[in-house]
Every structure is written in C-alpha cells, then in structure tokens.
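S.K.: Have a look at this one.
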Amino acid sequence: MSSATRIGILGDFNPEFRSHRATGESLQHAANRLGHKLEFEWLPTPSLAKPSADEVLARFDGLFASAGSPYKSMDGMLHGIRFAREQDWPFLGTCGGFQYALIEVARNVIGLADADTAENNSGSKHIVIYPVACAVPDRTPGAPKLSGRVGEIRLRPGSFLQSFYKQDVVEEEFFCNFEINPEYEYCSMEAGLPTVARGPAGEMRAIESPSHRFFLATLFQPQLSSTPEKPHPVIIEFVKAAVKFASDKPEPKILV
C-alpha cells in the first residue's frame, strides 16, 4: 500500500472551535472520496517561527492555513504561508488563513513591512485587513459580523476556483469579523494572486495563483459545509494537488 499523503495544518488547534474540527474532518472526507490514505497534523504557529520550521514544513505534501486568528504567533503563520508561496507547495488558506496570505504578500512582495490586520491593534500605517463593512442581517446574536451561509459569491470565469465548482455563483459559510481593506487589494494582484471570488457588493472573497501548483485562499470556510456524503469540491481539489505533489516532490529551495 502506498504511503499516506500528509497535510500540515498551520494554526493553533482548539477542539472547541467548530472550524478546527471541521478542517480535519473535511480533509478526511475528500481523501475517502478519492480513495487515498491521508494523515494531517496541526502545526502550532509558535513552532513555525523557529529556525527548524522549513525542515518541518517540507515534510508535508500540502499546507492548510486554518481559521482562528489572532494566532499565537503572527510571525509563525506568515512564515508558513511564505514557505508555501515561495517553495510552490500546495496551499489552501481559509478565513484567517486568507487574511494572513494577504498580509504576507503585502509585506514580502509589495514591501509594506508593517502591513497588518486591525485585529492586532498594532498602530500600523498599512491596515490590509479591517473590520467587515457590511454585517450580515439576522445573524445569530453574538456571532461575527460575517457569519452563516452567505449567497451571491460570484466566481471569476476561467479561474481554477470556478472550475472546481463548475458554476458561476455559489453560497458558502463564513465566520469572521474582518475582511480585506479594498485600498490594498492591489497587493494581491501585483503579487500574482488575482481575485477570483467577490461578494454582492464586490467584496474580495478569494484569491488564487495561476502559476503555482495549487495556491488558493478564501475568506469563506469550505470545510464547514463538507460532509462524508458530499465532500467540498475545494477540499477535494486541494487533496488531489497534495497527492500529485507527493509523488514527485522536489527538495526545498534555499532562500536568502
């Protein structure tokens, strides 16, 4: 029997957080549907800020930047995302993982060294991620401003994301209080990560790389709607990419 495909989940696991439980479950749903053996491991963000982080990350066939910001180590999460982007490792980020993917390229590609999220209250001049502008009406009391199943997510024709769904408009679940500041949307485009999904008012909801093996980040959380009977198409495609990558994985490049 072939060895298992290994997924590293970047984040600080909390068993009480529905999204964290759903992340591992959704990966298993996809692997079962594909008939592949899969193992996953949570990689706490402080561990990703250590000198040995690249060696650890390279052991995995795909990297999943989880929801759950603020993270215990911002630097650790950003390093994990940067490794995936620069080394061309299959990558999927959702919710906080999407937000930090934007911060990572703003810092390391565009050169905005203090790019940050308003959630951190850092006083940065470049708040790439800011509070959700339009709260979802009739949401559960105490829930984040953008939560529950939200419709009218328009997918960019010809994008990888649109090909996964095989439709142009979808509904997905959100659970977040922060989104991209439109003043900084140019950062992802200049970094080669065009917007491939937008909300009803044009809000940025997903980015992808047309040149990587698989690099996709979504503000919504596809893991929340995955079931054993109906694995989520985004998770299936991510696992497919990791399985393929595992068969011919290169040695990591030495980065300066």
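The values are calculated or read from the model by the stated rules, or taken from the named source; none is laboratory data. All figures in this text were calculated on a predicted structure; none of them were measured in a lab. Glycine also receives a Cβ, built like all others from the backbone with ideal geometry; neighbour counts cover every protein chain displayed. Heads up: the accessible areas ignore ligands, DNA and RNA and are worked out on the full protein's heavy atoms, side chains in. Shrake-Rupley method; radii C 1.70, N 1.55, O 1.52, S 1.80 Å.
S.K.: Every residue in region 9-33 that is among the hydrophobic types (A, V, I, L, M, F, W, C), part of a helix (DSSP H, G or I) and within 22 Å of ALA53 (Cβ to Cβ), please.
M.R.: Here is the first cut: in region 9-33, the ones among the hydrophobic types (A, V, I, L, M, F, W, C) are 9-10, 13, 17, 22, 27, 30-31.
Okay, now just the ones that are also part of a helix (DSSP H, G or I), so 22, 27, 30-31.
Of everything in region 9-33, just one residue is among the hydrophobic types (A, V, I, L, M, F, W, C), part of a helix (DSSP H, G or I) and within 22 Å of ALA53 (Cβ to Cβ), namely LEU27.
S.K.: Here is a follow-up. For region 198-207, which positions are touching a residue at least 40 places away in the same chain (Cβ under 8 Å) and open to solvent by 10 Å² or more (accessible area, probe 1.4 Å)? Before the answer, list the steps.
M.R.: Pass one, region 198-207, residues touching a residue at least 40 places away in the same chain (Cβ under 8 Å): 198-201, 203, 205-207.
Once the filter is applied, which keeps residues that are touching a residue at least 40 places away in the same chain (Cβ under 8 Å) and open to solvent by 10 Å² or more (accessible area, probe 1.4 Å), region 198-207 yields ARG198, PRO200, ALA201, GLU203, ARG205.
S.K.: I'd like the residue in region 20-37 that is of a type in the set (S, T, N, Q) and open to solvent by less than 70 Å² (accessible area, probe 1.4 Å) and, out of all such residues, is nearest to SER3 (Cα to Cα).
M.R.: As a first pass, look at region 20-37 and keep what is of a type in the set (S, T, N, Q): 23, 26, 28, 32.
Within this subset, residues satisfying the condition of being open to solvent by less than 70 Å² (accessible area, probe 1.4 Å) are 23, 26, 28.
Values: THR23: 21, SER26: 20, GLN28: 15 Å.
Filtering first and then ranking leaves GLN28.
S.K.: Please work out if ALA133 is hydrophobic (A, V, I, L, M, F, W, C) and within 28 Å of LYS230 (Cα to Cα).
M.R.: Numbers: hydrophobic (A, V, I, L, M, F, W, C): yes; within 28 Å of LYS230 (Cα to Cα): no.
No, not satisfied.
S.K.: Go over the candidates ARG82, ARG59, ARG6 one by one and state the one that is open to solvent by 40 Å² or more (accessible area, probe 1.4 Å) and part of a loop (DSSP other than H, G, I, E, B).
M.R.: Values: ARG82 fails: part of a loop (DSSP other than H, G, I, E, B); ARG6 fails: part of a loop (DSSP other than H, G, I, E, B).
One residue alone meets the criteria, ARG59.
S.K.: How many residues are at pLDDT 95 or above and either of a type in the set (S, T, N, Q) or within 17 Å of MET77 (Cα to Cα) (or both) if we restrict to region 120-140?
M.R.: 2
S.K.: Going through region 177-197 one residue at a time, which ones are of a type in the set (Phe, Trp, Tyr) and surrounded by fewer than 19 Cβ atoms within 10 Å (Cβ to Cβ)? First the steps, then the outcome.
M.R.: Of all residues in region 177-197, those of a type in the set (Phe, Trp, Tyr) come to 178, 184, 186.
Hit for region 177-197 is TYR186, nothing else.
S.K.: State all residues of region 151-176 that are open to solvent by less than 30 Å² (accessible area, probe 1.4 Å) and under 13 Å from ARG205 (Cα atoms); if no residue qualifies, say none.
M.R.: GLY151, ILE153, LEU155, LEU161, VAL170, GLU172, PHE174, CYS176
S.K.: May I pose another question? Could you list, in sequence order, all residues of region 139-159 that are of a type outside the set (D, E, K, R) and either assigned to a strand (DSSP E or B) or touching a helix residue (DSSP H, G or I) at 6+ places or on another chain (Cβ under 7 Å) (or both)?
M.R.: Of region 139-159, the ones of a type outside the set (D, E, K, R) are 140-144, 146-148, 150-151, 153, 155, 157-159.
Listed by number, the residues that qualify are LEU146, SER147, GLY148, VAL150, GLY151, ILE153, LEU155.
S.K.: Right, something else. Is it true that PHE40 is within 25 Å of LYS230 (Cβ to Cβ), outside any helix (DSSP H, G or I), in contact with a helix residue (DSSP H, G or I) (Cβ under 7 Å, 6 or more places away or on another chain) and open to solvent by 30 Å² or more (accessible area, probe 1.4 Å)? Talk me through it step by step, then tell me what you get.
M.R.: Working: within 25 Å of LYS230 (Cβ to Cβ): yes; outside any helix (DSSP H, G or I): yes; in contact with a helix residue (DSSP H, G or I) (Cβ under 7 Å, 6 or more places away or on another chain): yes; open to solvent by 30 Å² or more (accessible area, probe 1.4 Å): yes.
Considered against the rule, which asks whether it is within 25 Å of LYS230 (Cβ to Cβ), outside any helix (DSSP H, G or I), in contact with a helix residue (DSSP H, G or I) (Cβ under 7 Å, 6 or more places away or on another chain) and open to solvent by 30 Å² or more (accessible area, probe 1.4 Å), PHE40 comes out as yes.
S.K.: From (1) under 22 Å from PRO46 (Cβ atoms); (2) not in a loop (DSSP other than H, G, I, E, B), pick out the condition that doesn't hold for SER124.
M.R.: (2)
A quick yes/no check of all residues on (1) closer than 21 Å to GLY111 by Cα; (2) hydrophobic (A, V, I, L, M, F, W, C):
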{"position": "TYR184", "(1), (2)": "yes, no"}
{"position": "ALA191", "(1), (2)": "yes, yes"}
{"position": "ALA206", "(1), (2)": "no, yes"}
{"position": "ILE236", "(1), (2)": "no, yes"}
